[in-house]
Amino acid sequence: MIHLLKSLLIHAVVFGCVFWLSSSFAQVKKEENVQTIRLSTSVVQESVEESIKKTAEAPKPKTDKSEPVKQVQKKKTDHERKKIEVKPVITEAPVAVSSVVSQAVSEVAEVKETVSAPVSSEISVAKAVPIQVAEPTEAEVSASYRQANLHGIQAKIKNKLVYPMIARKNGWAGRTEVVFRLEKDGSVKNIRIAKSSGFNILDSQAVEAVSSAAPFAAPPRPIELTLPVTFNLL
């Protein structure tokens, strides 16, 4: 594709140069011919005027009929003027094609050298932009931590859980859901009841068991956990 464009460019330059040079040469020759014709016309007119003056200064023949002689001489002078009048004919000289073609070939060679010159291209390499990975949300971290550490946390809470004697005598049982804030060091804060078992004494014992079992495994960031604490008489 690049070679085709170069070839088209070279041909266009050659044709343009040939056309411009031929038109310029023809215009110059035309102007020279016009000047030459004007000069010859002026010379002829001067010679005609001198001949007319000489004819006027020549002694007139003595005749009685002077007026007819003047008319004849006037007619003769007009006839001579008509004969001497030269109509300028402009002929265009043939264009020297060989000289025009040689100049065009030299200009094409210069164009080829200019086109074939090496072009230094600077390739700008874009800097790599670091990809920002979105941090996981607290819910995602909590779910991942719960899946990896749930059994260990429940085991520690179960070891600290004490079944109240009054609840055992009365046959009170149930399940309490406890929610708390787990810090990065594994400590717990803001322990509260998410869902009651129906007995306050069992709910209070569940909160106490979670507080006593801490600290737990440290999460990557502070999270909130909800864990069930079951009171079963069996």
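Derivation of every value follows stated rules applied to the coordinates shown; laboratory data play no part. This is a predicted model, so every value here is computed, not measured. Cβ: placed from backbone, ideal geometry, glycine included. Neighbour counts: every protein chain shown.
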Worksheet item: Contour minus end-to-end for residue 175 and residue 140, with contour as 0.36 nm per residue of separation and end-to-end as the Cα-Cα distance?
Response: 10.0 nm
Worksheet entry | region 192-233-region 132-170 distance, computed between alpha-carbon centres (Å) | 7
Worksheet item: Roughly how many nanometres apart are two label points built 7 Å out from the Cα toward the Cβ at residue 11 and residue 163?
Response: 10.4
Practice prompt. Tabulate in residue order the Karplus-calculated ³J(HN,Hα) for region 8-13, using 6.51 cos²θ - 1.76 cosθ + 1.60 with θ = phi - 60°, rounded to whole Hz; enter x for Gly and Pro.
Written response: 4, 5, 5, 5, 4, 5
Worksheet entry | residue 204-residue 27 pseudo-label distance in nm [points 7 Å out on the Cα-to-Cβ vector] | 11.6
